[in-house]
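Working notes, beginning with the structure itself.
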Amino acid sequence: MRKDDCIFCKIAAGEIPSSTLYEDEDVRVILDLGPASQGHALILPKDHYDDVCTLDEALAAKILPLAARIGQAMKKGLGCAGFNLVQNNGKAAGQTVFHFHMHVIPRYADGPDMVCWEPGSPSREELAETAAKIREAL
Ligand code: 5GP
Ligand code: ZN
């Protein structure tokens, strides 16, 4: 199902032009207009899902192998040394377009840090409490 006012629905449907790397009946893979590095791509389902929590499971199972294939093609075609798969869910997590998408970000040797954080140092008790809260909510 599409959402009328969604830009990624329009791009995925081909109504707004994009630099398309791959397309099939379920997805379109495009270059990001504001790339973190050369070749930064977005995997867009053709149907609208707000985020990973509502994504169809069969489609989800297709997206990870496709991301790996795109990443391999980036290594071969662009000479990147690796790639990150990034997928933001919710405003607090940095999601700005609320149509599910997976970023495939090429990483070049000696390129800048991008996906990084300061490691915390929780105690064993804190880890156990945190794990219990998540487990009980599953
Ligand atoms: P998010 O922050 O939601 O995970 O990622 C949204 C991404 O979509 C950003 O990297 C942004 O540069 C990209 N983007 C936003 N609008 C457009 C657009 O109209 N076309 C393309 N190709 N990328 C877009
Ligand atoms: Zn959409």
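The values are calculated or read from the model by the stated rules, or taken from the named source; none is laboratory data. The model shown is predicted, which means the values in this text are computed figures rather than measured ones. Glycine gets a Cβ as well: all are built from the backbone with ideal geometry, and neighbour counts include every protein chain shown. The accessibility values were calculated without ligands, DNA or RNA, using every heavy atom of the protein model including side chains. Shrake-Rupley method; radii C 1.70, N 1.55, O 1.52, S 1.80 Å.
Some observations on this one:
- Residue check for Ala41: out of contact with any helix residue (DSSP H, G or I) (no Cβ under 9 Å at 6 or more places or on another chain) and surrounded by 15 or more Cβ atoms within 10 Å (Cβ to Cβ): no
- Flag for Val104 being open to solvent by 60 Å² or more (accessible area, probe 1.4 Å), closer than 20 Å to Gln38 by Cβ, within 16 Å of ligand 1 (Cβ to nearest atom) and of a type outside the set (Gly, Ala, Ser): no
- Sole residue being within 27 Å of Arg107 (Cα to Cα) and either within 13 Å of ligand 2 (Cβ to nearest atom) or among the charged types (D, E, K, R) (or both), chosen from Ala73, Ala81, Ala60, Ala12: Ala12
- Subset tally (residues that are within 16 Å of ligand 2 (Cβ to nearest atom) and part of a loop (DSSP other than H, G, I, E, B)) for the range 91-124: 7
- Within the option set Ile43, Ile30, being within 23 Å of Arg107 (Cα to Cα), within 16 Å of ligand 2 (Cβ to nearest atom) and in contact (Cβ under 8 Å) with a residue 24 or more places away in the chain holds for one residue only, Ile43.
- Test: Ala36 is buried (at least 16 other Cβ atoms within 10 Å of the Cβ), within 16 Å of ligand 1 (Cβ to nearest atom) and at negative phi: yes
- Taken as a whole, the structure places Asp51 among residues that are under 15 Å from Asn88 (Cα atoms), within 16 Å of ligand 2 (Cβ to nearest atom) and among the charged types (D, E, K, R).
- Checking the range 76-92 against the condition returns a match, with at least one residue being open to solvent by less than 40 Å² (accessible area, probe 1.4 Å), small (Gly, Ala, Ser) and away from ligand 1 (no atom under 15 Å from the Cβ).
- Neighbours by Cβ (under 6 Å, 6+ apart or cross-chain): first from the range 1-24, touching a residue at least 24 places away in the same chain (Cβ under 8 Å); second among the β-branched types (Val, Ile, Thr): Phe8/Val97; Leu21/Val29; Tyr22/Val29
- Of the residues contained in the range 57-68, none is found to be touching a helix residue (DSSP H, G or I) at 6+ places or on another chain (Cβ under 6 Å), crowded, with 18+ Cβ neighbours inside 10 Å and among the hydrophobic types (A, V, I, L, M, F, W, C).
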